[in-house]
Amino acid sequence: MSLTDKRILIVSHGHPDFNKGGAELAAYNMYQALRRQGVDAWFLARTDLMPHGGAAFSTRGDEREILFHTTMDDFFLFSNINTRHLWADFRELLQRIQPDVVHFHHYIHFGIEALKIVKTTLPASRLVLTLHEYLAICRNGGQMITTDTKPKLCYGASTTDCHRCFPKHSPADFYLRERYLKAFFGLVDAFVSPSQFLKQRYVDWGIPADAITVIENGQPPVSKPAFRYPVATEGKVHLAYFGQINPFKGLHVLFSALDFLPKKLRKKLHIDVHGANLESQESSYQKELMTLFKKNKDIIDFHGRYEARELFDIMKDVDWVVMTSIWWENSPMVIQEAFNYGRPLLVSDIGGMAEKVEDGRTGLHFRAGKPASLAHALEKIINNPTLRDEFAANITPPLSIDDCLQRHLPLYEQRPASAEVIV
């Protein structure tokens, strides 16, 4: 059976027109690719940004792009049980579309109970869930970082450790939270993980290994012909940061690393920051980052948020892409986008970043959260300008969105042998 024999509903916790996260883009890219292939596909995205006159749903673009106007009631359980009247609206939508496959790319904001609504409304449909992060495992925004004054990476959840991070919740609260979430995960026919690293974290948490298939987020084809690197302007190395600006993304690590560079090397570096939402962060972090920026404003340019269609024009002036996250990450879209344009990366040596970028071959690793280690990597690329082209030659194009869809087809057709979640 082919994809064109199925009606597929892609569900996302946000529409990329309003939310620029990697999971939202991955979901929407799948939807658009399905439509290009002639598949009877629909896209449902949660939003609270659009006026809707009190209706549960509205459309974006055409009738197949549907916005679900809802909010999350309980971020501890990811529950919408207090606004359960919206479940009836969701059920009616499922009955109207009658999809053969419902593929969630998230459950946050929809409510974890939405998984049960699918299985009770359409018991013959395939229910697929892509795990883009560690939210079910970690109460701390899914970051798997402790809440200490000096946060540390967390290697696994336990009721006592989670209570230590969040004293307002007892160990019993965390025990019941885990059982509640796993009860709904047990309804899922197939899980997808974009990285082996994230898969292993969920296997350790209790999902059977054979219930999770690793499939990288597919990339749309580059819209313009491949291009060569530009001649370096004034002999400088052009480094670019892409993504949200928050403490977990670690832009402060990059700015701090500049203090460790000799002045003569610092003058050979230019940094472009393509990101947004600094104004949404705590004032202490805003102050810290802006203090670091002012010390180095002669070599740093802030460009704000960007659209995917702008990437060609942005990337053509980039030598290296940098990822400074201090949390594990999963399969950052930034890495796949950089590879799509043949750009090597500097990345933190943990999680999905270390998995996706091969140290000394397609990029360089540095110790996560350590400015001095990043400064050493910066010195290396400045002093060895041939590394850029050497590493770029080793980059293979990332998984295309069409190939990504084909790898999902078996999951859309049959239930794995073992999908019962260990509780």
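The values are calculated or read from the model by the stated rules, or taken from the named source; none is laboratory data. Computed from a predicted model, the values in this text were never measured in an experiment. Quick reminder, even Gly has a Cβ in these numbers, built from the backbone with ideal geometry, and neighbours come from all protein chains shown.
Data overview
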item: So L67, is it assigned to a strand (DSSP E or B) and modelled with pLDDT of 85 or more; result: yes
item: In region 71-108, the residues that are closer than 22 Å to Y28 by Cβ and either surrounded by 21 or more Cβ atoms within 10 Å (Cβ to Cβ) or not assigned by TED's automatic domain parsing to the domain that holds G14 (or both); result: F78, F90, P99, V101, V102, H103, F104, H105, H106, Y107
item: Qualifying residue in region 257-276 (condition: in the same structural domain as L345 (by TED's automatic domain parsing), under 24 Å from G351 (Cβ atoms) and part of a loop (DSSP other than H, G, I, E, B)); result: yes
item: Region 101-128, subset of a type in the set (V, I, T) and over 21 Å from V39 (Cβ atoms), residue modelled with the lowest pLDDT; result: I108
item: Residue within region 393-412 that is of a type in the set (A, V, I, L, M), in contact with a Phe, Trp or Tyr (Cβ under 6 Å, 6 or more places away or on another chain) and buried (at least 22 other Cβ atoms within 10 Å of the Cβ) present; result: no
item: Test result for M353, at pLDDT 95 or above, crowded, with 21+ Cβ neighbours inside 10 Å and under 30 Å from L127 (Cα atoms); result: yes
item: Residue selected from region 253-273 under the condition touching a residue at least 60 places away in the same chain (Cβ under 8 Å) and more than 13 Å from I382 (Cβ to Cβ), by the criterion farthest from the chain's Cα centre (by Cα); result: D259
item: Subset of region 9-41 that is closer than 19 Å to I108 by Cα and assigned to a strand (DSSP E or B) - its residue that is farthest from the chain's Cα centre (by Cα); result: L9
item: Residue tally, condition free of Cβ contacts under 8 Å to residues at least 60 places away in the same chain and of a type in the set (G, A, S), over region 303-323; result: 1
item: Complete set of residues in region 104-118 that are assigned to a loop (DSSP other than H, G, I, E, B) and charged (D, E, K, R); result: E113
item: Enumerated helices (runs of 4 or more DSSP H) restricted to region 136-217, each holding at least 1 residues that are farther than 22 Å from M333 by Cβ and aromatic (F, W, Y); result: 171-185, 196-205
item: Selection from region 16-38 of residues that are over 29 Å from K249 (Cα atoms) and in contact with a strand residue (DSSP E or B) (Cβ under 6 Å, 6 or more places away or on another chain); result: L34, R35
item: Top-ranked residue of region 85-122 - restricted to ones that are among the charged types (D, E, K, R) and in contact (Cβ under 8 Å) with a residue 24 or more places away in the chain, ranked as farthest from G218 (Cα to Cα); result: D89
item: Residue among R7, R60, R64, R46 that is in contact (Cβ under 8 Å) with a residue 40 or more places away in the chain, among the basic types (K, R), over 30 Å from S170 (Cβ atoms) and in contact with a Phe, Trp or Tyr (Cβ under 6 Å, 6 or more places away or on another chain); result: R46
item: Strands (runs of 3 or more DSSP E) (entirely within region 299-389) containing at least 1 residues that are more than 27 Å from Q143 (Cα to Cα); result: 300-302
item: Exclusive hit being in the same structural domain as Q95 (by TED's automatic domain parsing), surrounded by 15 or more Cβ atoms within 10 Å (Cβ to Cβ), basic (K, R) and within 24 Å of the chain's Cα centre (by Cα), set K116, K182; result: K182
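Yes/no per residue for (1) touching a helix residue (DSSP H, G or I) at 6+ places or on another chain (Cβ under 9 Å); (2) closer than 15 Å to I10 by Cα:
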site	(1), (2)
L93	no, yes
V102	yes, yes
I108	no, yes
A124	no, no
